[in-house]
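The values are calculated or read from the model by the stated rules, or taken from the named source; none is laboratory data. Quick caveat: nothing in here was measured; it's all calculated off a predicted structure. Cβ atoms come from the backbone with ideal geometry, glycine included; neighbour counts cover every protein chain shown. Surface accessibility is based on the protein's heavy atoms, side chains included, excluding ligands, DNA and RNA. Shrake-Rupley method; radii C 1.70, N 1.55, O 1.52, S 1.80 Å.
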Amino acid sequence: MADTLKDMLRYDLTFDCVQCGYCLPVCPTYETMERETHSPRGRINLIKMVAEGKASVEDLKQPIDKCLGCMACTTVCPTDVQYGQLFESAKHVIDEYEEKTFVQQKTEHFLFHSFFPSTAWMDQLGNATWLYQVSGLQKAARGLNVMSAAPLHLGKFEQVLPPAPSPKERHARKNRLHPDGPPKAVVAFFTGCVMDSVFFRQNEKTLELLRLSGAEVQLPKTQTCCGALHAHAGKEPEALTLAKENIQAFEEKPVDYIVNNAGGCGAQLHKYGELFAGDPEWEQRATAFSDKVRDITEVLVELDGLEFTERVEETYTYQPSCHMTNVQKVKEPPLQLIRSVPGVTLKELDRPDFCCGSAGIYNITQHEDAMDILDVKMKDVKRQCPEGIVTTNPGCMLQMKLGVQREGLEEEIDTVHIVDLLMKAKPVTKQAAKA
Amino acid sequence: MHEWEEQLRALLSNKRVFTELADRYSYSFDASFGEHLPEVVVQPKTTEEVQTIMKIANQFGLAVTPRGQGTCLSGGPLPVHGGILLDMAQWPKEINVFADDLIAVVTPSVLTADIHAAAENYGLMYPPDPSSAHVSTIGGNLAENSGGPRGLKYGVTKDFVIGLEIVTPEGDVMHTGGRTIKNVTGYDLTKLLVGSEGTLGVITKATLKLVPKPPAVQTMMAAFTDMATAGKAISKTLTSGVLPAKMEFMDRACIEAVERYRPSGLPTASEALLLIELDGHPETIKLEAEQVKQILVELQADPIITAESDEEAQKLWSARKLVSPAIATIKPTKISEDATVPRSRIPEMMDRLKQIKEEYQVELVVFGHIGDGNLHPDIMCDQRDEEEMIRAEKAVAEIFRAALELGGTLSGEHGIGTMKAPFMEQEMGEVGVSMLKRIKEAWDPNNIMNPGKIFAEKGQKLVLRDG
């Protein structure tokens with residue numbers, strides 16, 4: 001058993017950690033939870049201890065569950081420890097070893113096998129959100145404070161969800177969009193699961209921005225959830241299955257880029273190549289897929305095809321998504337785009353690389369801890385006195401909205417996805433590009 | 001629950017007393033070797049709390065080990081006798097700069113880099129600059145008497161401490177030194193405590209000396225085809241009337257490792273690379289740079305690069321910063337030593353290191369703060385390879401012997417801790433160690449303050465395998 005656990009926990013990778021502690025100052029949970037157990041170095045050491053049989057998988061559970069997976073530690077590590085791989089293997093082992101109640105098993109099975117990967121379910125979520133919002137039920141529920149009794153603090157998130165589109169609007173979307181002139185690039189758009197239901201309008205704007213920039217956009221029909229939530233929950237086999245489905249879906253027609261607009265999904269798509277390392281059938285296909293993955297901001301900067309017709313005379317601050325910064329290593333393009341909007345004043349956060357606490361579903365599963373981290377973030381936001389917060393990931397967007405609400409600043413601060421800001425400046429296709 | 005645990009929980013609340021295995025393991029290591037489980041981890045936040053903890057420890061005979069952020073390379077914060085681990089890193093952070101007095105009063109949890117930043121706001125500087133300054137706490141720096149590249153011109157931590165507040169092993173509070181630069185009252189207990197590695201008390205506050213920040217710096221790099229000439233360059237520069245702030249060194253193995261890791265255009269055919277930083281008034285360092293360049297030209301260093309901008313200087317220093325990650329790719333386990341010799345003996349020491357490398361067949365690379373004779377011979381090995389670790393242990397012992405035979409010291413800036421305790425008598429002699437022990441016994445009659453450090457226990461040997 002001990003040997004298997006060593007393999008499963010990637011024991012060998014723990015030796016790359018020389019325990020120098022350089023990761024401590026950048027780890028959000030070490031800062032808010034104030035103990036080494038909740039630092040990257042502490043977690044790596046515990047993985048090693050469990051692999052050596054000195055501590056149990058149970059001892060590992062809380063420290064791993066409380067890791068945001070923001071990967072800030074990997075950017076400062078002098079010996080390049082593969083923390084992401086250690087973290088996900090630990091999640092997997094914990095999931096395997098955990099004795100779950102029947103209800104827990106059923107719920108997880110539903111969420112990870114049926115809910116996230118299913119377009120139908122995501123449609124339902126989108127539709128339900130819309131129905132809930134337009135039917136007056138939302139108002140009634142808020143009035144009666146029903147949602148505050150909802151499990152997992154969902155009530156708090158319900159209040160910051162964007163208005164949902166109608167089912168009609170959702171189904172009117174075309175699977176192929178053409179630019180006005182000859183296409184400068186052909187791209188496939190990764191719609192995402194939650195992104196395409198709850199954040200349908202941001203997806204619509206993304207597609208329009210791509211089109212205006214001169215791209216021909218395709219939406220492969222058989223694409224599914226990226227699998228990030230599965231991987232982070234320790235559901236490795238499920239994550240692999242989803243990855244295969246996506247690779248197949250995007251292989252159907254040749255494209256220059258596979259574009260996404262959610263930092264967390266983008267990071268997972270980037271990792272497909274790594275996920276199948278050593279797999280004779282899939283490695284090459286997965287790497288080819290990952291090599292094409294780009295964030296919307298990278299593509300918009302590269303195509304350089306937008307011209308803005310309206311000034312946005314507002315001060316914004318920018319909350320970068322951790323997965324975009326630390327995994328995809330995309331830092332400059334969003335800033336470049338924000339600066340390109342006429343009238344906008346950009347005031348950068350003192351600590352932009354500090355996670356907002358959203359981290360997939362961390363803000364639901366570890367709610368109190370996520371709020372402590374959000375408090376640190378909001379202090380920084382308030383120091384900048386912005387009129388708006390720009391984000392590049394739906395999770396961060398909701399979390400920041402929640403932060404604004406908790407501070408009672410809804411009237412003063414508007415929280416938007418970067419595509420919202422760009423659309424606000426009424427973009428058109430650049431004249432030079434048209435000619 | 002033990003009675004002592006009940007008392008600790010009554011004092012500090014459950015939030016700051018940890019006895020769970022995961023927490024205890026998280027405080028069982030530092031950046032050196034060995035793994036020792038404390039029985040309990042506590043996070044005091046006031047001097048009074050430390051006093052009470054010490055009283056509980058004395059009552060129940062529990063060892064007490066203070067710890068900063070655990071970046072120590074010699075084992076200082078390892079709880080080798082179990083007991084209470086004092087996590088001092090969560091103490092409220094306070095830096096008060098009194099610019100008119102050129103001092104800063106700080107709490108132990110403050111990161112050293114934050115002191116630099118605070119001093120800079122007043123045009124001042126806190127010179128000690130351990131490479132881990134952005135993560136290590138000043139409390140740990142004080143306990144271990146840390147150094148850094150600037151040690152050449154400015155000295156180590158002890159040269160910048162003028163006053164301390166400490167809790168004695170018996171739970172009393174005492175103050176040493178003061179806020180004046182000149183202070184000759186009585187025995188110098190401040191200097192005794194700095195570098196005492198947590199064996200004489202718990203530091204709860206410190207008064208540090210600041211100096212004016214030099215308005216300009218100039219970086220230079222020079223490469224040599226043999227070590228003897230590099231040695232001459234060092235002594236000629238240092239006797240020429242110019243005192244650089246830093247004089248860093250990389251050997252061929254380091255240069256090659258860096259080039260393999262991230263090609264930076266370093267001269268891979270060179271045996272030795274020197275990085276020199278001058279600081280002071282812009283006009284002065286211009287003249288000094290000329291003078292140093294002259295020496296380097298005479299000794300036929302090639303190439304000689306004088307940085308023309310901050311950016312160029314950063315580029316030169318980045319090669320030095322890449323040494324650690326680059327050599328980590330040779331083998332995963334890093335034994336970082338800091339044997340230090342008189343500057344005239346550097347070439348001889350380098351020869352001895354070469355012999356050791358060959359005799360014990362170990363991956364030994366050398367870099368470090370050569371201007372003050374403080375070398376970092378690092379042995380890269382693999383903890384999982386027992387046979388290799390035995391050879392590494394022998395090689396380390398030989399490194400210590402060589403340094404001492406050449407009139408040097410076991411440690412230039414890392415401290416003794418658990419790693420070098422077995423070699424203390426070789427450097428200090430029987431009488432020297434016995435005097436240290438008498439001091440320790442007088443200060444800490446129950447031997448509860450960080451036991452197992454500095455002084456070797458009977459038959460203790462250097463062991464880098466399995467704790």
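Restricting A:THR4, A:THR37 to residues that are away from every other protein chain (no Cβ under 11 Å) and assigned to a helix (DSSP H, G or I) narrows the list to A:THR4.
Within segment B:387-414, being open to solvent by less than 20 Å² (accessible area, probe 1.4 Å) and over 24 Å from B:PRO332 (Cβ atoms) holds for B:ALA402, B:ALA403, B:LEU406, B:GLY408, B:LEU410.
For segment B:52-111, list the strands (runs of 3 or more DSSP E) that sit wholly inside it and hold at least 2 residues that are modelled with pLDDT of 95 or more and open to solvent by 50 Å² or more (accessible area, probe 1.4 Å); which are they? Full working, then the answer.
Values: elements: B:64-67, B:84-87, B:95-98, B:103-106.
Passing ranges, in order: B:95-98.
Would you tally the residues in segment A:45-61 being β-branched (Val, Ile, Thr) and either under 20 Å from A:GLN268 (Cα atoms) or crowded, with 24+ Cβ neighbours inside 10 Å (or both)? The qualifying residues number 2.
The number of residues in segment A:62-75 that are open to solvent by 10 Å² or more (accessible area, probe 1.4 Å), more than 9 Å from every other protein chain (Cβ to nearest Cβ) and in a helix (DSSP H, G or I) comes to 4. Of all residues being under 21 Å from A:LYS61 (Cα atoms) and among the charged types (D, E, K, R) in segment B:1-34, which is least open to solvent (accessible area, probe 1.4 Å)? Just the residue, please. Only one residue fits best here, namely B:ASP23.
Screening B:THR47 with (1) away from chain A (no Cβ under 14 Å); (2) open to solvent by 30 Å² or more (accessible area, probe 1.4 Å); (3) at negative phi gives one miss only, at (2).
Residue check: A:LYS271 meets all listed conditions (1) open to solvent by 10 Å² or more (accessible area, probe 1.4 Å); (2) touching a Leu at 6+ places or on another chain (Cβ under 9 Å) but one, namely (2).
If you filter segment B:203-245 down to residues that are aliphatic (A, V, I, L, M) and assigned to a helix (DSSP H, G or I), you find that the one that is nearest to B:THR190 (Cα to Cα) is B:LEU238.
In segment A:78-93, the residues that are within 12 Å of chain B (Cβ to nearest Cβ) reach residues that are open to solvent by 30 Å² or more (accessible area, probe 1.4 Å) and assigned to a helix (DSSP H, G or I) with C-beta atoms within less than 6 angstrom, at least six apart or across chains, in these pairs: A:PRO78/B:SER324. Checked against (1) aromatic (Phe, Trp, Tyr); (2) assigned to a loop (DSSP other than H, G, I, E, B); (3) crowded, with 17+ Cβ neighbours inside 10 Å, B:TYR187 passes all but condition (3). Whether a residue is at pLDDT 90 or above, closer than 23 Å to A:GLU283 by Cα and assigned to a helix (DSSP H, G or I) was assessed, and A:LEU229 does not pass this test.
Within segment B:112-122, the only residue that satisfies the criterion of being open to solvent by less than 40 Å² (accessible area, probe 1.4 Å), in contact with a helix residue (DSSP H, G or I) (Cβ under 8 Å, 6 or more places away or on another chain) and more than 13 Å from every other protein chain (Cβ to nearest Cβ) is B:ILE115.
Step by step: first the residues of segment B:112-136, then only those that are in a helix (DSSP H, G or I) and in contact (Cβ under 8 Å) with a residue 40 or more places away in the chain, then the one that is nearest to B:THR52 (Cα to Cα). Which residue is that? Give the steps one after another, and end with the answer.
In the first step, residues of segment B:112-136 are kept if they are in a helix (DSSP H, G or I); the result is B:112-120.
Now restrict to residues that are in contact (Cβ under 8 Å) with a residue 40 or more places away in the chain: B:115, B:119-120.
Working: B:ILE115: 29, B:ALA119: 33, B:GLU120: 37 Å.
Taking the candidates together, the pick is B:ILE115.
For segment B:208-230, what are the residues that are touching a Phe, Trp or Tyr at 6+ places or on another chain (Cβ under 9 Å) and open to solvent by 10 Å² or more (accessible area, probe 1.4 Å)? Residues satisfying the conditions are B:LYS209, B:VAL211, B:LYS213.
Could you tell me whether B:ASP338 is more than 14 Å from every other protein chain (Cβ to nearest Cβ) and open to solvent by 80 Å² or more (accessible area, probe 1.4 Å)? Let's see the steps before the verdict.
Numbers: more than 14 Å from every other protein chain (Cβ to nearest Cβ): yes; open to solvent by 80 Å² or more (accessible area, probe 1.4 Å): no.
So B:ASP338 fails the test.
For B:ARG384, state whether it is surrounded by fewer than 23 Cβ atoms within 10 Å (Cβ to Cβ), at pLDDT 95 or above and either in a loop (DSSP other than H, G, I, E, B) or not small (Gly, Ala, Ser) (or both). Criteria not met by B:ARG384. B:GLY432 falls short on exactly one of the conditions (1) open to solvent by 50 Å² or more (accessible area, probe 1.4 Å); (2) part of a helix (DSSP H, G or I); (3) closer than 30 Å to B:ILE84 by Cα, and that condition is (1). Cβ-Cβ contacts under 7 Å between residues 6 or more apart (or on different chains), taken from a first residue in segment B:42-66 that is over 11 Å from B:PRO169 (Cβ atoms) and free of Cβ contacts under 8 Å to residues at least 60 places away in the same chain to a second residue that is in a helix (DSSP H, G or I) and basic (Lys, Arg), are listed as B:VAL42/B:ARG16; B:GLN43/B:ARG16.
Quick one: is B:ALA216 in contact (Cβ under 8 Å) with a residue 60 or more places away in the chain, within 28 Å of B:LEU243 (Cα to Cα) and not basic (Lys, Arg)? Don't jump to the end; show me each part of the working.
Numbers: in contact (Cβ under 8 Å) with a residue 60 or more places away in the chain: yes; within 28 Å of B:LEU243 (Cα to Cα): yes; not basic (Lys, Arg): yes.
Spelling it out, B:ALA216 is indeed in contact (Cβ under 8 Å) with a residue 60 or more places away in the chain, within 28 Å of B:LEU243 (Cα to Cα) and not basic (Lys, Arg).
When A:LYS253, A:LYS205, A:LYS244 are screened for being in a loop (DSSP other than H, G, I, E, B), open to solvent by 10 Å² or more (accessible area, probe 1.4 Å) and more than 15 Å from A:ARG294 (Cα to Cα), only A:LYS253 passes. Entry remark, segment A:175-206: residues being over 28 Å from A:HIS113 (Cα atoms) and without any contact (Cβ under 8 Å) to a residue 60 or more places away in the chain number 5 in total.
Looking at this structure, is A:LEU349 part of a loop (DSSP other than H, G, I, E, B) and aliphatic (A, V, I, L, M)? Answer is yes for this residue.
What number of residues within segment A:397-414 satisfy the criterion of being open to solvent by 10 Å² or more (accessible area, probe 1.4 Å) and either over 14 Å from A:THR315 (Cα atoms) or among the hydroxyl-bearing types (Ser, Thr, Tyr) (or both)? Full working, then the answer.
Initially, segment A:397-414 is screened for residues open to solvent by 10 Å² or more (accessible area, probe 1.4 Å), giving A:398, A:401, A:405-414.
Those still in the list that are either over 14 Å from A:THR315 (Cα atoms) or among the hydroxyl-bearing types (Ser, Thr, Tyr) (or both) too: A:398, A:401, A:405-411.
Residues that pass the stated criteria total 9.
List, please: which pairs have Cβ atoms under 6 Å, are six or more places apart or on different chains, and start with a residue in segment A:8-32 that is more than 7 Å from every other protein chain (Cβ to nearest Cβ) and end with one that is crowded, with 18+ Cβ neighbours inside 10 Å and of a type in the set (Phe, Trp, Tyr)? Filtered contacts from segment A:8-32: A:PRO28/A:PHE354.
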